[in-house]
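Visitor: Just passing along the structure, written as structure tokens.
The values are calculated or read from the model by the stated rules, or taken from the named source; none is laboratory data. Keep in mind it's a predicted model, so treat the numbers as computed, not measured. Cβ atoms come from the backbone with ideal geometry, glycine included; neighbour counts cover every protein chain shown. For accessibility, only protein heavy atoms count, side chains too; no ligands or nucleic acids. Shrake-Rupley method; radii C 1.70, N 1.55, O 1.52, S 1.80 Å.
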Amino acid sequence: APAMAEETLGELRLVPLADITVGERFRVALGDLSDFVESIREVGLLNPILLNPNLHLVGGMWRLEAYRLLGRTEIPARVLDIEDESLAAMEEDRSRKPLSATEKYAATEYLREKIARDESCADASRG
């Protein structure tokens, strides 16, 4: 059972901001982070960012940017191998703040392409 828990929970560690890569995101405009930055300054980071094993950001763009604005060099991160990183990132974004019309469109297009790929793979396996 311990191996399963580790696999599910991932690894929590401090990661240098310089080592983190950020790819294309559904949410493009972060908005005003000043209140969020002040909260982290006063209370600390309550939830770590989420990275894949290659240290690519899956969730936590606001937190990452707040740490940069605070001049921090390392950030607490949960490192986890996630099957569908785009879907995980979209869900995290959606749970924080409603998506704009442009962001909804990008997310919808991603899901359409994913469904088409999945159906194509299923058809090919059925032969």
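Visitor: Between a residue in the stretch 33-60 that is on the phi > 0 side of the Ramachandran plot and any residue that is part of a loop (DSSP other than H, G, I, E, B), which pairs come within a Cβ distance under 6 Å, given they are 6 or more apart or on different chains?
Guide: LEU55/ILE20
Visitor: Applying the selection to the stretch 68-78, what residues are more than 12 Å from ASP19 (Cβ to Cβ) and open to solvent by less than 50 Å² (accessible area, probe 1.4 Å)?
Guide: Selection gives LEU70, PRO76.
Visitor: Among residues belonging to the stretch 13-67 that are among the hydroxyl-bearing types (Ser, Thr, Tyr) and surrounded by 13 or more Cβ atoms within 10 Å (Cβ to Cβ), point out the one that is nearest to the chain's Cα centre (by Cα).
Guide: TYR67
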